[in-house]
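**Student:** First the structure, which I've put down as structure tokens, then a few questions once you've had a look.
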């Protein structure tokens, strides 16, 4: 074997070794990262109480290589026995942060709900008379979160959906002043809110539609 050929072989072996080492390190780091994230998330969820959680996408560094639905909070952790319920509504926005800790979150509005016709009640929603809440602009298909501030005459259920179609989310609320967040998927030209309880009515005093982010 000539010196030139030997040099080429050694160079190729060195490069291949370096690539393999880099890949092994990345895979080991990802495994450690995923394990640490899931351990923290498991502990955070166990201590979280019973307020429902909205689903969320998990960090790519945690879910790389996992097939859907494992890329989402519900898909990956729904089997945990000690956790809050997952739902399409909540009274308190919370998210797992990049380290797996459950932390307070906020709604980042994309559009507001336009003011209602009643200066005191906003958009009245009466039994048998749903309220249609116009938005500042129609929203395209996406995963949206709706904030609704209300004054309710009794405990009851709000049935919330995108105007014109889409799944109906049944969100339980309590009498008096309150706030609820509802997850809608797809285009949202307006928000339709109906009573899901006999004799239940509410004033919808404020609203917005947007995405949820860590506070």
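The values are calculated or read from the model by the stated rules, or taken from the named source; none is laboratory data. Predicted model only: the values in this text are computed from it and were never measured. Here the Cβ positions follow ideal geometry from the backbone for every residue, glycine too, while neighbour counts run over all protein chains shown.
**Student:** Please go through the range 69-95 and pick out each residue that is in contact with a helix residue (DSSP H, G or I) (Cβ under 7 Å, 6 or more places away or on another chain) and either within 21 Å of residue 181 (Cα to Cα) or part of a loop (DSSP other than H, G, I, E, B) (or both).
**Tutor:** Within the range 69-95, 69, 70, 71, 80, 82, 83, 84, 86 qualify.
**Student:** Tell me, please, whether a residue that is within 26 Å of residue 195 (Cα to Cα) and either crowded, with 20+ Cβ neighbours inside 10 Å or over 21 Å from the mean Cα position of the chain (by Cα) (or both) can be found in the range 103-113.
**Tutor:** For the range 103-113, residues within 26 Å of residue 195 (Cα to Cα) and either crowded, with 20+ Cβ neighbours inside 10 Å or over 21 Å from the mean Cα position of the chain (by Cα) (or both): present.
**Student:** Name every residue in the range 156-166 that is modelled with pLDDT of 95 or more and part of a loop (DSSP other than H, G, I, E, B), in order of residue number.
**Tutor:** Passing the criteria: only 163.
**Student:** Need pairs with beta-carbon distance below 6 Å; first residue in a strand (DSSP E or B) and within the range 96-107, second exposed (fewer than 14 other Cβ atoms within 10 Å of the Cβ); sequence gap 6+ or separate chains.
**Tutor:** Correct list of pairs: 104/215; 105/215; 106/215.
**Student:** Among the residues of the range 38-69, what is the count of those that are surrounded by 16 or more Cβ atoms within 10 Å (Cβ to Cβ) and free of Cβ contacts under 8 Å to residues at least 40 places away in the same chain?
**Tutor:** Selection size over the range 38-69: 5.
**Student:** Follow-up. Report yes if residue 77 is surrounded by 11 or more Cβ atoms within 10 Å (Cβ to Cβ), at pLDDT 90 or above, under 29 Å from residue 145 (Cα atoms) and not assigned by TED's automatic domain parsing to the domain that holds residue 169, otherwise no.
**Tutor:** yes
**Student:** What do you reckon, is residue 111 in contact with a strand residue (DSSP E or B) (Cβ under 9 Å, 6 or more places away or on another chain), closer than 15 Å to residue 88 by Cα and at pLDDT 95 or above?
**Tutor:** So residue 111 does not fit the description; no.
Per-residue answers, yes or no, for (1) surrounded by fewer than 16 Cβ atoms within 10 Å (Cβ to Cβ); (2) touching a residue at least 24 places away in the same chain (Cβ under 8 Å); (3) closer than 20 Å to residue 56 by Cα:
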| position | (1), (2), (3) |
| --- | --- |
| 138 | yes, yes, no |
| 142 | yes, yes, yes |
| 145 | no, yes, yes |
| 149 | no, yes, no |
| 152 | no, yes, no |
| 160 | no, yes, yes |
